[in-house]
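Values quoted throughout were computed directly from the atomic coordinates according to the rules given, and no laboratory measurement underlies them. Everything quoted here is computed from the prediction, not taken from an experiment. Every residue, glycine as well, gets a Cβ built from its backbone with ideal geometry; the counts of neighbours run over all protein chains shown.
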Amino acid sequence: MTARRRVLFVAEAVSLAHVARPVVLAQALAPECDVSIASAGAFDLCLRGTGLSRIGLDSIPPALFLERLAEGAPLYTQAELARYIEQDVDLLQREKPDVVVGDFRLSLSVSARVAGIPYMALCNAHWSPWSVHRRFPLPDITLTRLLGPALATPIFRMAQPIAFRLHARPLNALRRKHGLSTFSDVRYAYTDGDFTLYADTPSLVPVSADCPLNHHFIGPIVWSPDTPLPEWWTQIPVGPLAYVTLGSTGRVDLLPALFEVLEQQGVRCMTATAGRSNIAASSASCFVADYLPGAAAAARADFVICNGGSATVYQALSEGRPVIGLCSNMDQFLTMSRVQDAGAGICLRAGTVNSDELRAAVDRMVGEPGFRDAATRVRADFAGFNAGMRLHDLIRAHIRV
């Protein structure tokens, strides 16, 4: 009998997606491997109904993470990462996994090597240094809010390479301390691992031919909360329908404007607030809940409005539904840039979007079948990937017991 491999998933609980993806993969591997998951408790919703228990592990508060994103500042200080490394090493020595899979737990770039544990880094290919798309969009940061996108863009273009180097500095200092090589910019920190796992498809987010052989596309990882359907699920009137969810990092203050535009354009909406807003339904064609089973909601809707992050975007595209992305941070802009290239979505800037832009985007979603056709093509591409199975195959091929 082949020994079961011990797989430890480490989730950096600064956003829901970074916890949800490891949970989905852990569930997929559980029949064949001994799996465990470590994270802070901010997004324990992801574990509901899975039968998985969480090993406690500190992370910075999600609110602090979002604050730094909005400022365009480095996401972690050297002291925070040093504390992470100490905790990681203690965890790895205590749990003794055969492999550790980390989702945005950047400290594993050091701690896994210190502990001598093979490390698989889960990330999105748009952060790859080998991505064929090398231009980075202007995020909604302090610079953008002060000068406006038109003036901020050329300054950002010039400053971006310097900023990427500065963002890698805290981790580089600790890698140097432990005798490890340093990174030329933060993209290498985001994608460093003994194995790098891209939660995308190469058709949607292509990389160059010289991408290292230890980088693997495992495909989209789609999570949906284990939550019952609301009572109003069967009461939604017939007609065009949008699924609206701004997730754990989107601009929930935009919900009133969204509701108004959708009502004006004759579009019904069902909205999941992720518990971040107490907004009430604005009309008889607007329905609100804290959480919805996202896959079912996306499948029922004609299109999805979200924050542009890969979690909800890929959920929508897996159901063949196009997306309007109201983007703020760079990760969201990068995700929606590729979706827009594929013809399956519209990217809007959350920090400056107005009712006219929202109205035009909704009109296009309702009136132009090309978006639905493109989303259907992406769904077919996604269907060729099973992230859990691909991860299991990699572990079985490369990780010795």
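Here are a few things to note about the model shown:
- Here segment 249-316 is treated as a sphere whose radius is the Kirkwood value from Cα pairs; by Stokes-Einstein at 10 °C and 1.306 mPa s it diffuses with a coefficient of 128 µm²/s.
- Relative contact order %, segment 231-383, counting alpha carbon pairs below 8 Å whose residues are six or more apart: 22 percent
- Per residue, the chain reaches -13000 deg cm²/dmol at 222 nm when only DSSP H runs of four or more residues are counted, each adding -39500 (n - 2.57).
- With contacts taken as Cα pairs under 8 Å at a separation of at least 6 residues, the chain carries a relative contact order of 15 percent.
- Local net charge near ALA152, Cβ-Cβ under 12 Å (Lys/Arg +1, Asp/Glu -1): +2
- Shown here: segment 80-128, whose C-alpha atoms stretch 33, 26, 13 Å along the first, second and third principal axes, sorted largest to smallest.
- Of the residues HIS126, HIS215, the one with the fewest other Cβ atoms within 10 Å heads the list, and the complete ranking is HIS215, HIS126.
- Its Cα centre serving as origin, the chain has a Cβ charge dipole (Lys and Arg +1, Asp and Glu -1) of approximately 880 debye.
- The calculated pair-distance distribution of segment 10-142 uses every alpha carbon pair, bins of 5 angstrom beginning at 0, and gives 2, 10, 18, 21, 21, 15, 8, 4, 1, 0 percent.
- Other residues whose C-beta falls under 11 angstrom from the C-beta of HIS133 contribute a net charge of +2, scoring Lys and Arg +1 and Asp and Glu -1.
- Most to least packed among 9-22, 78-91 [average Cβ atoms within 10 Å]: 9-22, 78-91
- Inter-part distance, segment 124-153 to segment 250-291, computed on C-alpha centroids, equals 28 Å.
- Distance between segment 343-401 and segment 302-335 - C-alpha centres, whole angstrom: 6 Å
- For the chain, the spread of Cα coordinates along the three principal axes comes to 60, 53, 40 Å, biggest extent given first.
- Viscosity 1.306 mPa s, 10 °C: Kirkwood-radius Stokes-Einstein D of segment 331-384 over Cα pairs, µm²/s: 132 µm²/s
- Ordering HIS167, HIS133 from the fewest to the most neighbouring beta carbons within 10 Å gives HIS133, HIS167.
- Working note: Cα gyration tensor of segment 139-235, eigenvalues times five, square-rooted, sorted largest first, giving semi-axes of 32, 26, 16 Å.
- If the segment from MET158 to ARG372 were pulled out straight at 0.36 nm per residue, it would be longer than the present Cα-Cα gap by 73.3 nm.
- Entry for segment 259-401 at q = 0.08, 0.09, 0.14 Å⁻¹: log10 I(q)/I(0) = -0.25, -0.31, -0.69, Debye formula applied to identical alpha-carbon scatterers, no solvent contribution.
- Across segment 328-378, C-alpha contacts under 8 Å between residues 6 or more apart give a mean separation that, scaled by the residue count, equals a relative contact order of 40 percent.
- Local net charge near SER283, Cβ-Cβ under 10 Å (Lys/Arg +1, Asp/Glu -1): -1
- Ordered by the number of other Cβ atoms lying within 10 Å of each residue's own Cβ, fewest first, TRP127, TRP232 fall into the sequence TRP232, TRP127.
- The alpha carbon centroids of segment 164-222 and segment 1-40 are separated by 20 Å.
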